[in-house]
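Here's the structure we're looking at; comments come further down.
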Amino acid sequence: MFSRCLSRTLRCPVPALRRGSSGAQVRLFSNAAGCRITTVSAKKNFLPSTTDSVRFYRTSAICRQDVVTVNTPAFAESVTEGDVRWEKAVGDAVTEDEVVCEIETDKTSVQVPAPAAGVIEALLIPDGGKVEGGTPLFVLRKSGAAPKSKPVEAAAPPPASPPPAATPPPAAGPIPSSLPPVPPVSSQPLEAKPVSAVKPTSSAPVSEVPPAGIARTEHRVKMNRMRQRIAQRLKEAQNTCAMLTTFNEVDMSNIHQMRALHKDAFLKKHNLKLGFMSAFVKAAAFALQDQPAVNAVIDDSTKEIVYRDYIDISVAVSTPRGLVVPVLRNVESMNFADIERTIAELGEKARKNELAIEDMDGGTFTISNGGVFGSLFGTPIINPPQSAILGMHGIFDRPVAISGKVEVRPMMYVALTYDHRLIDGREAVLFLRKIKSAVEDPRILLLDL
């Protein structure tokens, strides 16, 4: 059976045919594997002689069953297209599952591996071109033949040093035999002026010349789809939400002490490091249950408030491609070990660029930790369609008043940006104070106070 067969009917004379037949029909077929087969058939009144026969010819000496066209994988439901960024070129040898290109969408990057070992024969999409699901990307030859050897370029000879500047040739024309006359000197005495009365003459504008050895260059890089989507969503949040930010500070002394006391036992049992992120995630889930309006969202299409009975917290992670927000599902049922394990897994996937759309889809609340970069203070922007975001900052020793005395404590500023259309100041302040109390004294979580 031939798929996508390409047929062509020709009229041609066949010398070996019986007299009286005007010719034969020659049909050329080409199947998907690249095999071309020629068949010869005669008219109804044609009968081959005893010495002649109808022959079947194979016009292609190589059947290209080892050539595969790789298509774009199917995208998630919310993604329609992406941009191609090639990792390999034509003629490159690849192994099975080696990444040939990446497709950058507005949410993540999809890697396209080679289905088998072989050689790249053709790239069907230019670098940076747009593709949709199912679009042919490249042609791969799976044969065991050696890859095409790339011609070795001869080393370019070192640039020749510029010849020394030659003295300009004398101007053409006769050489004057006498010097020009000197103008007469005026006999009137010059009027003396005080130095303060002499005004400096304005000098001609001097063009800015960079110092020697400093290059003043610039280059342009196309904004990837993820960065474009981040910019679009943040601008939408500014245009849609009535954003307001409230602040507080957290005394990290107790959580520091708890971590120093139990980090070795925690690492031994769970094979995980005990960090501060799990304390804030669990405290945020505790506060969201206490203030459900912060976990809700406005449905603009129906003008309704949607209260979620589950808590999915998005944790902002910085990657070279941009900011991604993988989601921790059902945080209200997690303990510290579950939270640390999930954060570690999602962080590893983000660093390897292996996050799927499902890992970042949804989320009812976001936590952004700028303190890992040394941030002291800041106002985060809401991650739509959510209604609030918590911003963590760096831990610094500061003098604070404790029971009427000044003490130096490790302190952290926290900020809550919320949509004032839905959340009033009372709910926002109580929410942030709940996080403060739960982090400063984790026993509140245990006692459900």
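Couple of notes before you dig in:
- Those residues of the stretch 241-280 which are polar (S, T, N, Q) and open to solvent by 70 Å² or more (accessible area, probe 1.4 Å), in sequence order: ASN254, GLN257, ASN271
- The set of residues in the stretch 113-129 being under 24 Å from the mean Cα position of the chain (by Cα) and farther than 13 Å from VAL139 by Cβ consists of PRO113, PRO126, ASP127, GLY128, GLY129.
- Identity of the residue in the stretch 85-117, basic (Lys, Arg) and out of contact with any helix residue (DSSP H, G or I) (no Cβ under 6 Å at 6 or more places or on another chain), that ends up least open to solvent (accessible area, probe 1.4 Å): LYS88
- Conditions (1) modelled with pLDDT under 75; (2) exposed (fewer than 12 other Cβ atoms within 10 Å of the Cβ); number of the one not met by LYS235: (1)
- The set of residues in the stretch 313-346 being in a helix (DSSP H, G or I), free of Cβ contacts under 8 Å to residues at least 60 places away in the same chain and open to solvent by less than 10 Å² (accessible area, probe 1.4 Å) consists of VAL331 alone.
- Neighbours by Cβ (under 9 Å, 6+ apart or cross-chain): first from the stretch 297-311, in contact (Cβ under 8 Å) with a residue 12 or more places away in the chain; second open to solvent by 100 Å² or more (accessible area, probe 1.4 Å) and among the charged types (D, E, K, R): ILE298/GLU304; ILE298/ARG421
- Criterion violated by PRO399 - all others in (1) over 26 Å from THR240 (Cβ atoms); (2) in a strand (DSSP E or B); (3) in contact with a Leu (Cβ under 7 Å, 6 or more places away or on another chain) satisfied: (3)
Condition check ((1) under 27 Å from ASP264 (Cβ atoms); (2) modelled with pLDDT of 90 or more; (3) part of a helix (DSSP H, G or I)) across all residues:
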| site | (1), (2), (3) |
| --- | --- |
| GLU348 | yes, no, yes |
| LEU355 | no, no, no |
| VAL372 | yes, no, yes |
| ILE395 | yes, yes, no |
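- Odd one out for PRO399 among (1) at pLDDT 90 or above; (2) open to solvent by less than 50 Å² (accessible area, probe 1.4 Å); (3) more than 36 Å from the chain's Cα centre (by Cα): (2)
- Pair list, Cβ < 7 Å and 6+ apart or interchain, from the stretch 101-124 residues that are without any contact (Cβ under 8 Å) to a residue 24 or more places away in the chain to residues that are of a type in the set (D, E, K, R): PRO113/ASP97; PRO113/GLU98
- Residue check for THR80: modelled with pLDDT of 80 or more, among the hydroxyl-bearing types (Ser, Thr, Tyr) and exposed (fewer than 14 other Cβ atoms within 10 Å of the Cβ): no
- Some residue of the stretch 376-393 being more than 30 Å from ARG308 (Cα to Cα), out of contact with any helix residue (DSSP H, G or I) (no Cβ under 8 Å at 6 or more places or on another chain) and in a strand (DSSP E or B): no
- Flag for GLY394 being open to solvent by less than 40 Å² (accessible area, probe 1.4 Å) and either closer than 19 Å to GLY378 by Cβ or not β-branched (Val, Ile, Thr) (or both): yes
The values are calculated or read from the model by the stated rules, or taken from the named source; none is laboratory data. Because the structure is a prediction, the values reported are computed rather than measured. We place every Cβ from the backbone using ideal geometry, glycine too, and count neighbours over all the protein chains shown. SASA here: full protein model, heavy atoms, side chains in, ligands and nucleic acids out. Shrake-Rupley method; radii C 1.70, N 1.55, O 1.52, S 1.80 Å.
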